[in-house]
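Below: the structure, in structure tokens.
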Amino acid sequence: MELLTIDSVRTAVTGGTKTAVAFAEEHFARIVAEDGPAGPDSPDAKGINSYLTLSRERALAQAAKVDAAVAAGETLGPLAGVPIGIKDVLTMVGSAATAGSRILEGYRPPYDATAVAKLEAAGAVLLGKLNCDEFAMGSSNENSAYGLVRNPRALDRVPGGSSGGSAAAVAADFAVATLGTDTGGSIRQPAAFCGVVGVLPTYGRVSRYGLIAFASSLDRVGPFTRTVKDAATMLEVLAGKDERDATSSDKAVGSYVSDLEKPVAGLRVGVPAEYFGEGLDSEIRAAIERVLDGLRALGCVVQPVSLPHTKYAVPTYYVIATAEASSNLSRFDGVRFGLRAEEANTLSAMYRRTRDAGFGPEVKRRILLGTYALSAGYYDAYYKKAQQVRTLLTRDFLTAFEQVDVIVSPVTPTPAFKLGEKTDDPVKMYLEDIYSVAASLAGICGVSVPCGNTKDGLPIGVQIMGKHFDEGTMLRVAAVVEDLEF
Ligand code: GLN
């Protein structure tokens, strides 16, 4: 059966062949029957466990509104009637927001994230909140306080992280599109592992208002979809200046959907040798080679580029991201949000016990690392040094983009790994991010597009990175890659 796309749902809803309410009900029925729960720490349990909560009331009210607008002959938004899921690090009125953490248990945000509000204003039907690694820290979705998420393409494997629920829901037919966030790969990597499209917009392209912060200089909101055209549609809705996020850009939003029609012949495609070293799975390497052959056949000029500081990207990311996290997470103190430890007689005991009970082990590890990197006496050696290297990594890309229009690389060194395979070794887990974190540090845009499967049937993704605010060219290349035969 052909999976639904934004295009096909919108056409059916606006053409009156099927109602938005019917689409929503079908999705809820499938989620209830097949999604879970996997249950915390229960690798034997069935179910994908992608949704943490369903927002049935809000979804059905919105769907009915869309159907009424169709009946009244009104003009409908670009996402009219499209069932969409939201990563649980974004706020949505009427739903709990946990960020995958116990410390936010019981917190109900009083406002919508700008990205959430924009989707709904465009007609989307928001089905619920999606599982993720705690505070978006992880590469496997095994760090959620509400149970792991399974990869719909191979149930004994991870869906990737931290937006594992968002990628899995699109792959498992539990939503037509979803929102995720990407700080160091959390959209691109799970998209690659689950065989869907995932976009990292340029830093500043999409508002972060209403996003529960992990590392504010790196956090980005972006879509998961089944097709590149759907991703372009989502990005057009999401992008733009927001008075409530001072880092959002007022640069004009591109016509990403119509840009897809432009030819790719003559575009220059850079291939960085640093992204094809040892450690890269041979089937992934071969798949990327086939993508490059396909682009050559379409008239693209494929040429080497150099990103010489790439080997410093992972350590630089894990200093900056943890430093920012240690600061951002200080607000969870038992006073203002969610969980509060009982049986504490002093304020500082209450802080300590709340944070001890509320945060999981990976979050605690990062708070410790980040606090250390920022402490007097170590600041220059770690945080300041990392900021300097971040500048060098950014310059690498700016220089490369003087010679090419896009850069093509793997998204991940391996296909989706087994549940439990890397949980004992945090450094091994961090090295998963080797091809994704440099683009995060540089602020450029990137997309993961499916490009075939391994012999075992596991999805492979290719990463296409674009210049700051040049999502149009990046998606144009992604669209032809999606159409290649693998
Ligand atoms: N895997 C990376 C980390 O654990 C990236 C996470 C993300 O992008 N949110 O920090």
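In the set (1) under 23 Å from the mean Cα position of the chain (by Cα); (2) in a loop (DSSP other than H, G, I, E, B); (3) under 27 Å from THR354 (Cβ atoms); (4) in contact (Cβ under 8 Å) with a residue 40 or more places away in the chain, the condition left unmet by GLY36 is number (3). Annotation note: Cβ proximity below 6 Å between a residue of segment 419-445 that is without any contact (Cβ under 8 Å) to a residue 12 or more places away in the chain and under 16 Å from ALA386 (Cα atoms) and a residue that is near the ligand (Cβ under 9 Å from one of its atoms) and of a type in the set (A, V, I, L, M, F, W, C) (sequence gap 6+ or interchain) occurs for no pair.
Of note, GLY299 does not satisfy the criterion of being small (Gly, Ala, Ser), over 24 Å from LYS467 (Cα atoms) and part of a loop (DSSP other than H, G, I, E, B). Test LEU484 against the criterion of being surrounded by fewer than 22 Cβ atoms within 10 Å (Cβ to Cβ) and touching a helix residue (DSSP H, G or I) at 6+ places or on another chain (Cβ under 7 Å), and give yes or no. The answer is yes for LEU484.
Of the residues making up segment 161-190, those that are part of a loop (DSSP other than H, G, I, E, B) and either among the basic types (Lys, Arg) or away from the ligand (no atom under 15 Å from the Cβ) (or both) are ALA172, ASP173, PHE174, ALA175, VAL176. In segment 15-28, the residues that are among the basic types (Lys, Arg) form Cβ pairs under 6 Å with partners that are surrounded by 15 or more Cβ atoms within 10 Å (Cβ to Cβ) and not in a loop (DSSP other than H, G, I, E, B), at six or more places apart or across chains, as follows: LYS18/ALA12. Residues of segment 46-73 that are hydrophobic (A, V, I, L, M, F, W, C) and over 16 Å from THR178 (Cβ atoms): LEU60, ALA61, ALA63, ALA64, VAL66, ALA68, ALA69, VAL70, ALA71, ALA72. Selection of segment 206-234 for residues being surrounded by fewer than 24 Cβ atoms within 10 Å (Cβ to Cβ) and within 14 Å of the ligand (Cβ to nearest atom) yields ALA213, SER216, SER217, LEU218. Evaluation of SER375 against the conditions (1) farther than 20 Å from GLY161 by Cβ; (2) within 29 Å of the chain's Cα centre (by Cα); (3) of a type outside the set (Lys, Arg) shows that the sole unmet condition is (2). Quick one: which residue in ALA115, ALA99 is in a loop (DSSP other than H, G, I, E, B), within 16 Å of the ligand (Cβ to nearest atom), under 14 Å from the mean Cα position of the chain (by Cα) and surrounded by 24 or more Cβ atoms within 10 Å (Cβ to Cβ)? The match here is ALA99.
Which of the residues belonging to segment 155-187 are aliphatic (A, V, I, L, M) and modelled with pLDDT of 95 or more? Those that are aliphatic (A, V, I, L, M) and modelled with pLDDT of 95 or more: VAL158, ALA167, ALA168, ALA169, VAL170, ALA171, ALA172, ALA175, VAL176, ALA177, LEU179, ILE187. Restricting to segment 273-316, name every residue that is among the polar types (S, T, N, Q) and in contact with a strand residue (DSSP E or B) (Cβ under 9 Å, 6 or more places away or on another chain). Once the filter is applied, which keeps residues that are among the polar types (S, T, N, Q) and in contact with a strand residue (DSSP E or B) (Cβ under 9 Å, 6 or more places away or on another chain), segment 273-316 yields GLN303, SER306, THR310. In segment 399-426, the qualifying residues are those that are among the aliphatic types (A, V, I, L, M) and within 20 Å of PHE276 (Cα to Cα), and the one that is nearest to the ligand (Cβ to nearest atom) is VAL411. Return yes or no: is GLY81 on the phi > 0 side of the Ramachandran plot, surrounded by fewer than 19 Cβ atoms within 10 Å (Cβ to Cβ), of a type outside the set (A, V, I, L, M) and modelled with pLDDT of 95 or more? Answer is no for this residue.
Scan segment 471-485 and give yes if some residue there is modelled with pLDDT under 95, of a type in the set (D, E, K, R) and part of a loop (DSSP other than H, G, I, E, B), otherwise no. There is at least one residue in segment 471-485 that is modelled with pLDDT under 95, of a type in the set (D, E, K, R) and part of a loop (DSSP other than H, G, I, E, B). Count of segment 235-251 residues, restricted to those that are surrounded by 20 or more Cβ atoms within 10 Å (Cβ to Cβ) and of a type in the set (Val, Ile, Thr), is 1. When restricted to residues that are in contact with a Pro (Cβ under 8 Å, 6 or more places away or on another chain) and of a type in the set (Asp, Glu), segment 457-486 contains 2.
Scanning segment 277-296 turns up no residue that is in contact with a helix residue (DSSP H, G or I) (Cβ under 6 Å, 6 or more places away or on another chain) and of a type in the set (Asp, Glu). Only one entry of GLY277, GLY254 meets the criterion of being modelled with pLDDT under 95 and farther than 21 Å from LEU458 by Cβ, and that entry is GLY277.
The values are calculated or read from the model by the stated rules, or taken from the named source; none is laboratory data. This one's a predicted model, so the numbers in the text were calculated from it and none came from an experiment. In this analysis, Cβ positions are derived from the backbone assuming ideal geometry, glycine residues included, and neighbour counts consider all displayed protein chains.
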